[in-house]
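Have a look at the structure below, then the notes.
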Amino acid sequence: MAVLLTSLVLVSCIVILFRYYAKYKLNYWKRRGVDSLPTDLIFGNFKDAALFKTAPGSYLGELHKSANTNAPMLGFYIFHKPCIILRDINLIKQIMVKDFENFTDRHFAGAQEIDSIGMRYLFGLNSPAWKYLRSKITPSFTKSKLKLMLPLMMETGEEMMEFLKNEKTDANGIKNVDAEELNYKYTSDIIASVGLGVKLNTFKNPDSEFSKNMTHFYHSLRRMLALVTVFFTPEIVGVFGKKVLFDSSFLEKIFWKSIESREKTGLHRGDFVDSLLKLKNGPQNSNYKFEGKNLFYQAGTFVSGFESSSSASSFTLMELAKYPEFQTKARDDINAAIEKHGLTYEAFNDMKYLDQCIAEGIRLHPPVATVDRYKMKDYQVPGTDIVLEKGTAIYVSLYGLQQDSRFFENPSEFNPERFDSESDVSDAYIPFGVGPRMCIGMKLGQLHVKVVIAMILRSYEVIQLSKDETILDNRATLTVAADGISLQFKEIISS
């Protein structure tokens, strides 16, 4: 009896102490005069995301929208860790452009940067290595390099079109297609061709080792958990190391085989491997040496970039299927550009209305839904007495910002016309980030999406299969549909 009583007293004391501790930690923003929301004693403001009731990326958008309308920032908690969401575009530009030197690093991946395909390339790397690496990788994305990559993208596009041609057609001439899976196949082959330097065909060989590994890469729970961890709780990576990260050894095997073959044969394909070999055999810098695993990690630039483009293409096709009038205008724009220039880089560059459709697609459905930064030292928010302490995780929710009625009229409506040349597009449109760390592969990603959509719309009318809203995968930090994106493709018969 005495033991039981002692145990109850001990448990009660622990509960009481925890409550006092939690309430103190969860009053951090209130003590600093920053707007915040009601919290859960355990999860802070991250309960639905932590329990995968809501997709973590879109959940930050919900927090953004829950704040007082004109609040420039919102304090929130991931468990007991104080974080901030920036909601004012001028403050975002102040921090990410003007005061960039205090915000050069991302919160993503944390300070330790344990070797990983996600942490040791441009997206996750910290300064000063990041600054040096960006200067060396930037020439790989010039207009001349994109022109060399376009034939590789078109070649894969033709394989995609052959695959669609052979898909089953019903009595009404309709093909039922999962646009998300179609784009994953295309993206897998582009990652192989442009990023890893080898020609593969996932469309013809869906049961190959590469195809199965890439399917696992896109859909596995372990990778989704790894992404949530490195975006929102990278401290866990510091504790458990590689155990919480996704195993990319199958990509590494292909990469090194390609490097070895290329060095033996001297072959040039116009792909990223050409650029990497030039860096490997050039002068090295102590900040970042292009050797060993560091060389392979650069392939991550293409893996993550093309995966984002895949999402952009899938969701833009979904929106065009809902709005036939916009789809028709996009198709006319595509055909006019190709008639004028042929299937060339100039033609894709001239597809201005298609550009508008893609821009609107990624406004509503940002592939990477969260921009993050990590403070190098204490920072006083201009015009206020608020000081953000060193190490504070800073986020911008693109779901929140790009669907905010302060910046976009009828923000939940798909309307490519808002991006026409005569419209004044809000600075709140930042799907590729903002400032010196904005996406280096923006032009390549846009070209990828245009190639896919242009090739499809030239040959098929895309029809919405269901009026139900597409639901996001609750496990995914990136923008991913839970059950794919089911569309109907009807072949356009030339007159």
### Task
Taking the options 391, 435, name whichever one is at positive phi, open to solvent by 10 Å² or more (accessible area, probe 1.4 Å) and at pLDDT below 90.
391
### Message
Suppose we keep only residues that are of a type in the set (Phe, Trp, Tyr) and more than 19 Å from residue 302 (Cα to Cα) within the stretch 232-269. Which one would you say is modelled with the highest pLDDT?
### Response
232
### Task
With the condition kept exactly as written, say whether any residue in the stretch 204-213 is closer than 21 Å to residue 316 by Cβ and modelled with pLDDT of 90 or more.
no
#### Entry: Test result for residue 293, out of contact with any helix residue (DSSP H, G or I) (no Cβ under 7 Å at 6 or more places or on another chain), closer than 29 Å to residue 477 by Cα and either modelled with pLDDT of 85 or more or surrounded by fewer than 21 Cβ atoms within 10 Å (Cβ to Cβ) (or both)
yes
### Message
Can you pull out every residue in the stretch 416-437 that is within 22 Å of the chain's Cα centre (by Cα) and not small (Gly, Ala, Ser)?
### Response
416, 419, 425, 427, 429, 430, 431, 432, 434, 436, 437
## Note on the structure
Restricting the stretch 87-122 to residues that are of a type in the set (A, V, I, L, M, F, W, C) and at pLDDT 75 or above, the one most open to solvent (accessible area, probe 1.4 Å) turns out to be 97
### Message
Whether any residue in the stretch 446-468 is part of a strand (DSSP E or B), at pLDDT 95 or above and over 20 Å from residue 365 (Cβ atoms) is what I want to check.
### Response
yes
### Task
Give the stretch 45-62 a look and list any residue that's crowded, with 22+ Cβ neighbours inside 10 Å and either touching a residue at least 40 places away in the same chain (Cβ under 8 Å) or among the β-branched types (Val, Ile, Thr) (or both), or say none.
46, 49, 55, 56, 57, 58, 60, 61
### Summary
How many residues of the stretch 349-382 are of a type in the set (A, V, I, L, M, F, W, C) and part of a helix (DSSP H, G or I)? The answer is 6
### Message
Restricting to the stretch 438-459, count the residues that are open to solvent by less than 30 Å² (accessible area, probe 1.4 Å), under 22 Å from the mean Cα position of the chain (by Cα) and not small (Gly, Ala, Ser).
### Response
8
### Query
Among the residues of the stretch 407-416, which ones are closer than 20 Å to residue 432 by Cα and either among the polar types (S, T, N, Q) or open to solvent by 40 Å² or more (accessible area, probe 1.4 Å) (or both)?
407, 412, 415
### Task
Tell me which residues, restricted to the stretch 123-170, are closer than 17 Å to residue 189 by Cα, open to solvent by 50 Å² or more (accessible area, probe 1.4 Å) and acidic (Asp, Glu).
155, 158, 162
### Message
Which of the helices (runs of 4 or more DSSP H) found entirely inside the stretch 243-341 contain at least 3 residues meeting this: of a type in the set (Ser, Thr, Tyr) and in contact (Cβ under 8 Å) with a residue 60 or more places away in the chain?
### Response
299-322
### Task
Scan the stretch 43-51 and give yes if some residue there is part of a loop (DSSP other than H, G, I, E, B) and under 17 Å from residue 403 (Cβ atoms), otherwise no.
no
### Query
Can you name every residue in the stretch 325-343 that is surrounded by 14 or more Cβ atoms within 10 Å (Cβ to Cβ) and modelled with pLDDT of 95 or more?
326, 327, 329, 330, 331, 333, 334, 335, 336, 337, 338, 341
### Of residues in the stretch 474-495 being surrounded by fewer than 18 Cβ atoms within 10 Å (Cβ to Cβ) and touching a helix residue (DSSP H, G or I) at 6+ places or on another chain (Cβ under 8 Å), the one farthest from residue 167 (Cα to Cα)
484
### Task
Could you grab me the full set of residues in the stretch 1-36 that are of a type in the set (Ser, Thr, Tyr) and either at pLDDT below 80 or open to solvent by 70 Å² or more (accessible area, probe 1.4 Å) (or both)?
6, 7, 12, 20, 21, 24
## Note on the structure
Scanning the stretch 177-187 residue by residue, the ones that are crowded, with 21+ Cβ neighbours inside 10 Å and either over 20 Å from residue 477 (Cβ atoms) or of a type in the set (Phe, Trp, Tyr) (or both) total 6
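The values are calculated or read from the model by the stated rules, or taken from the named source; none is laboratory data. Only a predicted model underlies this, so the values are computations on that prediction, with no experimental measurement involved. Please note: Cβ atoms are built from the backbone with ideal geometry, for glycine as well, and neighbour counts cover all protein chains shown. Side chains included, ligands, DNA and RNA excluded: accessible areas come from the protein's heavy atoms. Shrake-Rupley method; radii C 1.70, N 1.55, O 1.52, S 1.80 Å.
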